[in-house]
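We did not get these values from a lab; they are worked out from the coordinates using the rules stated. Nothing here was measured: the structure is a model prediction, and the numbers come from that model. Reconstructed Cβ throughout: ideal geometry from the backbone, glycine too, with neighbour counts over all protein chains shown.
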Amino acid sequence: MRLQRQPLTIHSCLLLRIISLCLVGIWLIWVVLSPTEPIFTSTDTSDFHQIYNAVNTAANQEVYILQQANIAGWTSSLRREYAYLLAQQNNYRPLLALFNSDISLIESDEPFLKMLAYQQMKQGNLAQARHLWEQLLQLAPNDEEAFYQLALLAIPDDITQAMNYLVSLNESSSELGMQADQLLVALQQNDLLTLGLLLSEFEEWQTAQRVLTALISVEPMHWQAYLYRSYVRDQQGENGLSDLEIALGLADNPALPLYFLGIHWRTIDENLEAAVAAFELAAKLDPQNASIAIELAITYQEMGHDDLAATWYDAALRLEPHKVEWHRLRAAFYAERDVEVVDIRPIEQSLVLFPNDAHLLTSLGYAYYQLGDYVMARTYLVQAVELDPNSARTQYYYAVAMEQFGDLSAAIGGYWAAYELRVSSPNTYTILAERALQRLRVLS
């Protein structure tokens, strides 16, 4: 007897939907309880967060959130979790749509407001960023970060408003307060070049570029404005070479433009030979400039010419013997070389001048580690971590030494401390820490 296919009824469709939801639920439980999943630690112990974090990957987290919404409907807490996930993915369009549909997502959530404001600034959506910072000030009328960022957003178009925001930080002893004081002086003196340089020093690249562009519009022959704007543009992923060429053509003494040209060729174009040529010529024109000497040392180090690198590190320290940054660079050079050429003597010489410098202590500790003296390595690295627990480099090398000692708990703590700095100050060591945590199956 031949079976005939029956059309699906409404009840059949509902039954299939229930079955599919159950299957997805079973799959999610399997993902959560799978013994092969790495451990993921969360400070939130709610049932939702335990499952949400155990799922571990952004794609699976999104599946879980949408499935929860499909089963129980959208709640404010579920929307908030989805908003955080979208923000982490830099997925701005649905994030803003979600924000506009439910203002309760962030109306009392200061950290989320800040995160979203910074993301909008990064994307160049300055009006939206300004609105978010203003909303944050309504929640926290004394928030220094909000005052500072609103001042930056007002520069250079509304100097008066910028100064009013910066004045609000006058009595603050924080780093932002000290930076605000310096910016306020430059604004009061209407010194756009100094203002641009300060903003560059503070790595406020967007605002620095706006200020230097404003200066060029007023003084189109101002070679320093072109010079520093070229550097600012390079830092933002633009190519500042055209500004550099203008600066070279306008400057009476090309030593400083050649110095910046060397930095551009080394860091942007990755042309080390051209960079060395520019630095060497700049050094001939300005032989007393320690900054040029240090850039030659760094470039020769990257090229693998260790003897020349050592020569120029020593030259920089002869010119500026009390500049701790030069000592740190030279110490790292001697600590992180191949083991057969590691040298602790120059590092110890620097520590005589700066005995409590965590960066130098880290270099000495890692140099001893390279030489196989793990007791001395641990001694100096523990000191370094106590002095500067917020250095990814220090935490990473401390963790390496602790792992060698067999203290896995301390090693994971060091790696994790370095890894957590990836948002505020990502660098080589945050990446190395992440790989170490993956190797130890703490992260996937």
Q) Which log10 I(q)/I(0) values, to two decimals, does the stretch 253-321 give at q = 0.18 Å⁻¹ under the Debye formula with one point per Cα? A) -0.57
Q. Straight-line reach from Lys122: which aspartates and glutamates have a Cα under 12 Å away, not including same-chain ones fewer than 8 places off?
A. Glu204
Q | Surrounding net charge for Ala316, when Lys and Arg each add one and Asp and Glu each subtract one, Cβ distance under 15 Å | A | -2
Q) Considering the alpha-carbon set of the stretch 191-249 alone, what are its Rg and its Dmax in angstrom? A) 10.1, 28
(Q) What distance in nm lies between label points placed 7 Å from Cα along the C-beta direction at Tyr374 and Thr311? (A) 4.0
Q) So how do Thr428, Thr213 line up by other beta-carbon neighbours within 10 Å, fewest first? A) Thr428, Thr213
Q) If the cut-off is 16 Å between C-alpha atoms, which aspartates and glutamates fall inside it for Lys284, apart from same-chain ones fewer than 8 positions away? A) Asp252, Glu295
